[in-house]
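Below is one structure, written out as structure tokens, with a few remarks after it.
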Amino acid sequence: MATLGERIRDLRKQKNLTLQSLAGSQLTKGMLSLIENNKANPSMESLAYIAERLEVDRNELLEDVPTSELRDLLEEVEQLYTQEMISDELIVKYQKIVRKIKPYIDKLPYRYESARLLEIYSRCSYYTKQDGWQGPLAKAEEIYESLHMINQSADLHIFKAMMAFTEHRYRKALLMIQESRSIFESRTGILDPLKKLDFDYYESILYSAVGDTDNSKRLMEDAIHYSKKKQLFYRIDALYRLAGFQAVLTGDTANKDHYISKLRLFADFTDDEEIGALADAIEIHYLNSFAHDYNAADALIEKNLEKHQEDKIFLFALEKGKALYGLGRLEEALGWLKKHTLWEFLHHPYDLSIHYEKDAYLALIYLQLGNSELAVKHATIAKDLIEPMPDLPYKTFILNVYEQVTA
């Protein structure tokens, strides 16, 4: 961060002033040089004179972080900061953001730019598992509240609720999101449209996490209807994915096809290949686990692997293994299942349950290959992982495999 002298020098150069022209009639060129090099401190009278000559407020020169520097930092950070699916690449970016903001944390003035920097710092520190994010988060919320910035305050409430979700305290997270929604509805009467969609989306996710599929579906469909009515595309791809997957679980093939079709159209409209890959991932999962059409599943997987090469293997390795197992190609299936890794940022019971199937399929393959020891080992791993999960088809499948292998 710049010192007082450095800030004066930088502003002077920005305005193309020489030392002599800035010194004017009330300061000498030599004294101004000493001030700029931090070898002399200006009196308040001299500081006011310098600020007037530079056409800035005196307080801006006195602040530990001047407004111009603060805005430049925020602009740089905003260009780096994105809220998207967590990945190793995003974590590296978040670590860079933390390093940029950290030197300023204790010197930020009480204004919007500071609150936004504190918020971004807290979020990035949390996701990169660094200590010391709680204080800046509380300070950001305090500034937003004092400035009556309702949407920004609501975002922090949602963030705190989803922290409980990532710790698998699903009921606590649901209660927190409902309490926050009630607070902001009572304060504003009608939520901002984007904030309403945020609350609908996260509350729907949390209802499904605690096994309340009826309320989850109600909120999800309400959000989709509201988006259409207001002509908003905000969160629409995430809502379509959630709706499509719920339809798979309930055996509603018509709605499954409807929402996957919507996702593909949205992917074409936004030219976003990842949305298209996620739509295919839902269809592949349905073909493998519910329709048992392994040939169709394998063909769709191959189409995606050819298009996306290595960058989307994490989406398809498990399903490729399941399809090959269903086709009786055990050794190939074993190779693909071993490529699958549980993504550390998955926290929803639906996602976890799906990925816990891996060990059940490994157990079945090892059983057929005559390795009963490894079969029992992987069946036991799958059983231990799935037992705390809700009663979904994946749990039934895994427990049945365990009984079969250990019989």
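For the reader, a short list of remarks on this structure follows.
- Using a Förster distance of 60 Å, the FRET efficiency for residue 332-residue 68 (Cβ separation, nearest 0.05): 0.50
- Crossing angle, helix 88-101 versus the chain [Cα axis fit, 0-90 degrees, rounded to tens]: 20
- Remark: segment 286-407 carries 48 Å² of accessible area per residue (probe radius 1.4 Å; ligands, DNA and RNA excluded).
- Taking all protein chains into account, the per residue accessible area for segment 1-52 stands at 58 Å² (1.4 Å probe).
- Calculated FRET value between residue 190 and residue 306, using beta carbons and R₀ = 51 Å, to 0.05: 0.60
- Normalised per residue, the accessible area of segment 125-257 is 47 Å², obtained with a 1.4 Å probe and no contribution from ligands, DNA or RNA.
- Which listed pairs, of 195/339; 195/262; 102/307; 39/96, have C-alpha distances above 29 Å, in listed order: 195/339; 102/307; 39/96
- Overall form of segment 113-208 per C-alpha gyration tensor (a/c, 1.5; a/b vs b/c): oblate
- Folded to 0 to 90 degrees: helix 170-188 orientation relative to the chain principal axis, Cα: 50
- Radius of gyration and maximum dimension Dmax of segment 1-98, Cα, Å: 18.1, 59
- Near-label residues of segment 84-99 by backbone N, under 12 Å of a point 7 Å along Cα→Cβ of residue 272: 84-85
- Accessible area of segment 112-258 belonging to carbon and sulfur atoms, whole % at 1.4 Å probe: 51
- Computed [θ] at 222 nm, helices only, for the chain once each DSSP H run of length n ≥ 4 contributes -39500 (n - 2.57): -24000 deg cm²/dmol
- Basic side chains Lys and Arg get +1 at the Cβ, acidic Asp and Glu get -1 at the Cβ, and with that the dipole of the chain about its Cα centre reaches some 840 debye.
- Per-atom-type breakdown for segment 322-407 gives carbon and sulfur 52% of the accessible area (1.4 Å probe, protein chains only).
- Ranked by the mean number of other Cβ atoms within 10 Å of their residues, highest first, the peptides 79-90, 394-405 come out as 394-405, 79-90.
The values are calculated or read from the model by the stated rules, or taken from the named source; none is laboratory data. These figures come from a predicted structure and were not determined experimentally. Because the Cβ atoms are built from the backbone with ideal geometry, glycine has one as well, and the counts that use them run over all protein chains shown. Areas reflect the complete protein model, heavy atoms only, side chains present, ligands, DNA and RNA absent. Shrake-Rupley method; radii C 1.70, N 1.55, O 1.52, S 1.80 Å.
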